[in-house]
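Below you'll find the structure, written out as structure tokens, and then a few comments.
The values are calculated or read from the model by the stated rules, or taken from the named source; none is laboratory data. As the structure is a prediction and not an experimental result, all values here were calculated from the model. Cβ: placed from backbone, ideal geometry, glycine included. Neighbour counts: every protein chain shown. Please note that ligands, DNA and RNA were not included when accessible areas were found on the heavy atoms of the full protein model with its side chains. Shrake-Rupley method; radii C 1.70, N 1.55, O 1.52, S 1.80 Å.
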Amino acid sequence: MKATLILANGSIFSGTSIGSTETRVCEMVFNTSMAGYQEILTDPSYAGQGVVMSYPLIGNYGVNSEDNESRRPWAEALVVRHLSPRGSNFRCEGDLGSYLKEHNITGIQGVDTRALTKILRSEGSMNGMLTCAEHFNIAKVLEQLKTYKVENTVALVTRTEPEVFPACGEERFHVAMMDYGVKQHMIECLRKRGCRVTALPASTSAGEVLSGGYDGVMLSNGPGDPAENTAIIEELKTLYASDIPLFGVCLGHQLLALATGARTGRLAYGHRGGNHPVRDLAKGRVFITSQNHGYMVLSDSVDPSVAEVSHVNVNDGTCEGLNYKRPDCFTTQFHPEANAGPRDTEYLFNRFIDNMAARKSGGDK
């Protein structure tokens, strides 16, 4: 069946339908990863978005029950050059095409995704419509794309009830994970380091967290414009005023920056992929990181008496991390848990563990 992708700038791409045949309107973004498509589809940070995979062959190793990053896929649509009809891998449990249909994800193949990526990179991420309709009114479509906006996505993806994940082996710490759209592997990185993790709904108050007996708090990744989460930002002001160790990632990084007086801004086309170079200023080294975000903390808005930039994106110089003057508090824009992507920066989880250990030993004296 024929499918058509229409961008807000009037560009039209034709191809073949894969997955669901439902018409979808969403924000179109591109990802430069060569692998990890299942993790991408199930990453809650993609809520309200359609993903263009710039790599030309997608689906070649199939899908399985182990690589999901959340309870279901959140991406609205998938655009690929070529969809492999079958998967070849010892962990393969099915093909990507069937997975798209099962989860009602609208898709299209046969598109020149590199040409499409160039448009999104030069003109910025933009809304698009993916449809299997044979006839459509382009003027009405463009008007619909003009008014579409991704909003209130954190409330959409967060848990509605707390969920506990036991430590792998001996329990050393109990961590509160503020679920703004957390990826499962972030929880696993803590569990394998001896942490029991309680994932909490995004609406959980700071008072509930501070009275919960936790050794530390992680502020997770998540979708959307950080500035629209005003209630969460207010609660983070109270958490920041406490002495509990804090570690924020991606959206969590942005939210804490807003709670401490900094500002955020929109990137033209975002950082999405597993190959983004980031310089750790303290170590004087560059690490290759996994990223998925369309907003950034504005470096010049960070009060030097509150925090200092700790990591910088090598490609465009944007802020990729903050070290706070307040003890035991740091955040990163990139994803140290990766999955899929390089795991070079998992050392940051060890830093969080060390902060909790120091506080716990000090409190036991």
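The table below lists the values:
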| item | result |
| --- | --- |
| Neighbour-limited loop hits for chymotrypsin sites (Phe, Trp or Tyr not before Pro), segment 35-100 (at most 13 other Cβ within 10 Å; DSSP other than H, G, I, E, B) | Phe90 |
| Over segment 38-122, volume per residue of the alpha carbon convex hull, in Å³ | 86 |
| Where segment 272-331 is the region considered: accessible area per residue in Å², 1.4 Å probe | 41 |
| Degrees between helix 347-364 axis and first principal axis of the chain (Cα, 0 to 90, nearest 10) | 30 |
| Descending principal axes extents, segment 225-321, alpha-carbon based, whole Å | 35, 28, 22 |
| Most positive-pole-ward Cα, Tyr148, Ala3, Met178, against dipole of the chain from beta carbon charges | Ala3 |
| Low-density loop cleavage sites - GluC sites (Glu not before Pro) in segment 105-203, where at most 15 other Cβ are within 10 Å (DSSP) | Glu134, Glu151, Glu170, Glu171 |
| Expected 222 nm ellipticity per residue - DSSP helices of 4 or more, -39500 (n - 2.57), all of the chain, to 500 | -7000 deg cm²/dmol |
| Where only alpha carbons of segment 94-230 are counted, the Rg and the Dmax (Å) | 20.5, 62 |
| Cα convex hull of segment 1-70, projected area averaged across orientations, nm² | 5.4 |
| Rounded accessible area of Lys101 (nearest 10 Å², 1.4 Å probe) | 140 |
| Accessible area of the chain belonging to carbon and sulfur atoms, whole % at 1.4 Å probe | 48 |
| Rh (Kirkwood; distinct C-alpha pairs) - the chain, Å | 21.0 |
| Unsatisfied cross-links (Cα-Cα over 29 Å) in the set Lys283/Lys325; Lys146/Lys237; Lys2/Lys146; Lys2/Lys183; Lys149/Lys325 | Lys146/Lys237; Lys2/Lys183; Lys149/Lys325 |
| Selected from Arg285, Arg121, Arg266 as most flexible by GNM, with the chain as the system and alpha-carbon contacts under 10 Å | Arg285 |
| About the Cα centre, charge dipole magnitude for the chain (Lys/Arg +1, Asp/Glu -1 at Cβ), debye | 600 |
